[in-house]
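Undergrad: This is the structure, below, for whatever I ask next.
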Amino acid sequence: MNEVSVGILGFLTIIAIVVTLFKSKTLPSIAFILFPSVLALILVLGGYYTFEGVASLIKEGFKSTGPTAALFVFSVLFFGIMTDAGMFDVIIGQLMKLVGDNVIGVTVMTAVIAMIAHMDGAGAATFLIVIPAMLPVYKKMHMRATSLLRITVLAMGVLNLMPWAGPTMRAASVLGMEAGKLWNELLPIQVFGVILALGHAVLTGFQEKARGAGLNGKLAQTEGKVEITATQEAKVRELARPKLFIFNILLTVAVIAMLIWDVFPSYVPFMLGVGISILVNYTDIKLQKKVLNAHAVPALLMCTTLMGAAVLMGILVKNVKVDGTEIPSVVNCMSNLISMILPAALGTHLPLVIGLLSVPLALAFDTDSYFYGMLPVMMSIGQGFGVPALPIAVSMVVCRNCATFISPMVPATLLGVGLAEVDIKDHIRTSFFYVWGFSFLCMIFAIIIGIIPA
């Protein structure tokens, strides 16, 4: 089996996964396991891989998603404990006093918090800061969690252009230049992107208002107040720890600070946080079991998705060696296939072409394979048409960044949708065209100021 066939099968696998998820035929975890497994079997029968090679690929996939699974489990438990203890009730109360019934104020606040939180370029950490804090506010004001996610990922995409963020560093290493120097080229686009992200937040606020969102909006009047049963009220009283509010706030700040410090693996701060918080808030072992059991189901469901993603990432993205020779991964074959079928007439406009395709391709390529696999191929193609490498890299970095956190190939995306209690298909469906339009506007701005040739 040759690399062209492997590339075609790779695209068919991605299309099958996306279509299956969009049609709600099965859970993401099942799709992530079954379709790549079928692909792997075909590749083994075709002589491209061996069963031992496939096993090695899956093991490598688990190495990349395993830490995210641990992070998700303990972050869900930690924030669940903080919610049960009543910490977020106080925070929400203060936020509601600040914004009142101002839906647009909530959406703009979301974008600002996401930008500040993403200054370190860590996607998982940003989701862990923004989503648990803002989701209860969105629920109380009858706003959609999909809107919260879209505002967050677009703000994160803009800040992801920082020189210490993964995409910019990867592109700079391929170009053979310092990340700071590349960032200087990207800075005007980033400033434009920040303005655009805030504008999108305002637009989303108007959309939410139009559908009746707000503390006392049409949706609140239509749905009425949710009746709290005596059993629910007793549960809240049993688990609430208002006297420990200051302790819980300080513990949360310490956990986030330790996360930003980035000395330990990202799941360690939350493991410590869960241990300390549950011992201090709930000294009775029966209550400890009750709290953990209450949050076990969402944690387990998300873990199955991440484990499925490990199979997907391993079979499609990872490389395997046979007799000391490295066999190109499925994703590498896919990128080579794109370079082969790209019409020669478009070669001189390569930055525009790759910019337009970056968002759809983000659904199929993880960050490493996109920049280390596809970028060098595109640079070599551009060289043949006299197109400098820098505009190609700028186009790929800027337009891909917009779509980073809607891609199921990025583990942080799965963490974000899990925290927001949104299906990944709904996240992609409600965000895709906004993200694509956002990247298109950034590219037009780059053309106007002369960074990307027309």
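Undergrad: Name every residue in segment 240-265 that is out of contact with any Gly (no Cβ under 8 Å at 6 or more places or on another chain), surrounded by 20 or more Cβ atoms within 10 Å (Cβ to Cβ) and within 17 Å of A122 (Cβ to Cβ), in order of residue number.
TA: Matches in segment 240-265: L259 only.
Undergrad: Taking the stated definitions as given, is A197 over 29 Å from I260 (Cα atoms) and either of a type outside the set (V, I, T) or in a loop (DSSP other than H, G, I, E, B) (or both)? Spell out how you get there, then give the answer.
TA: On the way: over 29 Å from I260 (Cα atoms): no; either of a type outside the set (V, I, T) or in a loop (DSSP other than H, G, I, E, B) (or both): yes.
Spelling it out, it is not the case that A197 is over 29 Å from I260 (Cα atoms) and either of a type outside the set (V, I, T) or in a loop (DSSP other than H, G, I, E, B) (or both).
Undergrad: Could you count how many residues in segment 407-451 are farther than 20 Å from P67 by Cβ and among the aliphatic types (A, V, I, L, M)?
TA: Within segment 407-451, the first condition is being farther than 20 Å from P67 by Cβ, and the residues that meet it are 420-423, 425-451.
Next, from what is left, pick out any that are among the aliphatic types (A, V, I, L, M): 420, 422, 428, 435, 441, 443-444, 446-449, 451.
Residues meeting the conditions: 12.
Undergrad: Test of understanding: among V99, V106, V90, which residue is farther than 24 Å from Q221 by Cβ and among the β-branched types (V, I, T)? First the steps, then the outcome.
TA: On the way: V99 fails: farther than 24 Å from Q221 by Cβ; V106 fails: farther than 24 Å from Q221 by Cβ.
Unique residue meeting the criteria: V90.
Undergrad: Take the residues in segment 120-163 that are without any contact (Cβ under 8 Å) to a residue 40 or more places away in the chain and surrounded by fewer than 21 Cβ atoms within 10 Å (Cβ to Cβ), then tell me which one is nearest to D84 (Cα to Cα).
TA: Going through the qualifying residues, I end up with K139.
Undergrad: Condition test on T68, is it modelled with pLDDT under 90, touching a Ser or Thr at 6+ places or on another chain (Cβ under 9 Å) and not aliphatic (A, V, I, L, M)?
TA: Working: modelled with pLDDT under 90: yes; touching a Ser or Thr at 6+ places or on another chain (Cβ under 9 Å): yes; not aliphatic (A, V, I, L, M): yes.
Answer is yes for this residue.
Undergrad: Quick check on S369: is it among the polar types (S, T, N, Q), surrounded by fewer than 24 Cβ atoms within 10 Å (Cβ to Cβ), closer than 26 Å to G61 by Cβ and under 18 Å from the mean Cα position of the chain (by Cα)? Step through it out loud before you land on a result.
TA: Details: among the polar types (S, T, N, Q): yes; surrounded by fewer than 24 Cβ atoms within 10 Å (Cβ to Cβ): yes; closer than 26 Å to G61 by Cβ: yes; under 18 Å from the mean Cα position of the chain (by Cα): yes.
Criteria met by S369.
Undergrad: What is the one condition in (1) within 28 Å of V322 (Cα to Cα); (2) crowded, with 23+ Cβ neighbours inside 10 Å; (3) within 25 Å of the chain's Cα centre (by Cα) that F79 does not satisfy?
TA: (1)
Undergrad: Check A220, A210 and return the single one that is at pLDDT below 80 and out of contact with any helix residue (DSSP H, G or I) (no Cβ under 8 Å at 6 or more places or on another chain). Don't jump to the end; show me each part of the working.
TA: On the way: A210 fails: at pLDDT below 80.
When all the criteria are applied, what remains is A220.
Residues are listed down the side, and each one gets a yes or a no for (1) farther than 18 Å from A446 by Cα; (2) surrounded by fewer than 20 Cβ atoms within 10 Å (Cβ to Cβ):
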site	(1), (2)
A165	yes, no
G176	yes, yes
L186	no, no
G193	no, no
V202	yes, yes
G205	yes, no
E208	yes, no
G212	yes, yes
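Undergrad: Can you tell me which of A446, A454 is more than 16 Å from the chain's Cα centre (by Cα), aliphatic (A, V, I, L, M) and not in a helix (DSSP H, G or I)? So that I can check it myself, show each step before the final result.
TA: Values: A446 fails: not in a helix (DSSP H, G or I).
Just a single option satisfies the conditions, and that option is A454.
Undergrad: May I ask you to verify whether I260 is modelled with pLDDT of 80 or more and within 29 Å of the chain's Cα centre (by Cα)? Give the derivation first.
TA: Numbers: modelled with pLDDT of 80 or more: no; within 29 Å of the chain's Cα centre (by Cα): yes.
In short, no.
Undergrad: Next question. Can you work out which of the residues in segment 87-108 that are part of a helix (DSSP H, G or I) and among the charged types (D, E, K, R) is surrounded by the most Cβ atoms within 10 Å (Cβ to Cβ)? Quick ask: steps written out before the conclusion?
TA: In the first step, residues of segment 87-108 are kept if they are part of a helix (DSSP H, G or I); the result is 87-99, 103-108.
This time we only want the ones that are among the charged types (D, E, K, R), so: 89, 97.
Values: D89: 14, K97: 8.
Top of the filtered list is D89.
Undergrad: Additional query: Of the residues V253, V268, which is without any contact (Cβ under 8 Å) to a residue 12 or more places away in the chain and within 19 Å of L415 (Cα to Cα)?
TA: V268
Undergrad: Across segment 100-135, what is the total count of residues that are on the phi > 0 side of the Ramachandran plot and at pLDDT 90 or above? Give the steps one after another, and end with the answer.
TA: Here is the first cut: in segment 100-135, the residues on the phi > 0 side of the Ramachandran plot are 100, 121.
Still in the list and also at pLDDT 90 or above: none.
Of the residues in segment 100-135, 0 are on the phi > 0 side of the Ramachandran plot and at pLDDT 90 or above.
Undergrad: Filter segment 71-99 for residues that are small (G, A, S) and at pLDDT 80 or above and give the result. Reasoning before the result, please.
TA: If we filter segment 71-99 for residues that are small (G, A, S), which is where we start, we get 75, 80, 85-86, 93.
Residues satisfying the conditions are S75, G80, A85, G86.
Undergrad: Of the conditions (1) in a helix (DSSP H, G or I); (2) in contact with a helix residue (DSSP H, G or I) (Cβ under 9 Å, 6 or more places away or on another chain), L161 clears all except one; give me its number.
TA: Just one mismatch for L161, condition (1).
Undergrad: Taking L215 and the conditions (1) closer than 22 Å to P388 by Cα; (2) not in a helix (DSSP H, G or I), which numbered condition does it fall short on, given that it satisfies the others?
TA: The failed condition is (1).
Undergrad: Could you identify the single residue in L292, L287 that is without any contact (Cβ under 8 Å) to a residue 60 or more places away in the chain, surrounded by 15 or more Cβ atoms within 10 Å (Cβ to Cβ) and over 19 Å from the mean Cα position of the chain (by Cα)? Lay out the reasoning, then the answer.
TA: Numbers: L292 fails: without any contact (Cβ under 8 Å) to a residue 60 or more places away in the chain.
Of the residues listed, the single one that is without any contact (Cβ under 8 Å) to a residue 60 or more places away in the chain, surrounded by 15 or more Cβ atoms within 10 Å (Cβ to Cβ) and over 19 Å from the mean Cα position of the chain (by Cα) is L287.
Undergrad: crowded, with 24+ Cβ neighbours inside 10 Å, more than 28 Å from G199 (Cα to Cα), over 12 Å from the mean Cα position of the chain (by Cα) and of a type outside the set (A, V, I, L, M): does that describe F385?
TA: On the way: crowded, with 24+ Cβ neighbours inside 10 Å: no; more than 28 Å from G199 (Cα to Cα): yes; over 12 Å from the mean Cα position of the chain (by Cα): yes; of a type outside the set (A, V, I, L, M): yes.
When the stated conditions are applied, F385 does not pass them.
Undergrad: In this structure, does V422 turn out to be of a type in the set (A, V, I, L, M), more than 20 Å from V191 (Cα to Cα), at pLDDT 90 or above and in a loop (DSSP other than H, G, I, E, B)? Spell out how you get there, then give the answer.
TA: Numbers: of a type in the set (A, V, I, L, M): yes; more than 20 Å from V191 (Cα to Cα): yes; at pLDDT 90 or above: yes; in a loop (DSSP other than H, G, I, E, B): yes.
The answer is yes for V422.
The values are calculated or read from the model by the stated rules, or taken from the named source; none is laboratory data. This is a predicted model, so every value here is computed, not measured. Cβ: placed from backbone, ideal geometry, glycine included. Neighbour counts: every protein chain shown.
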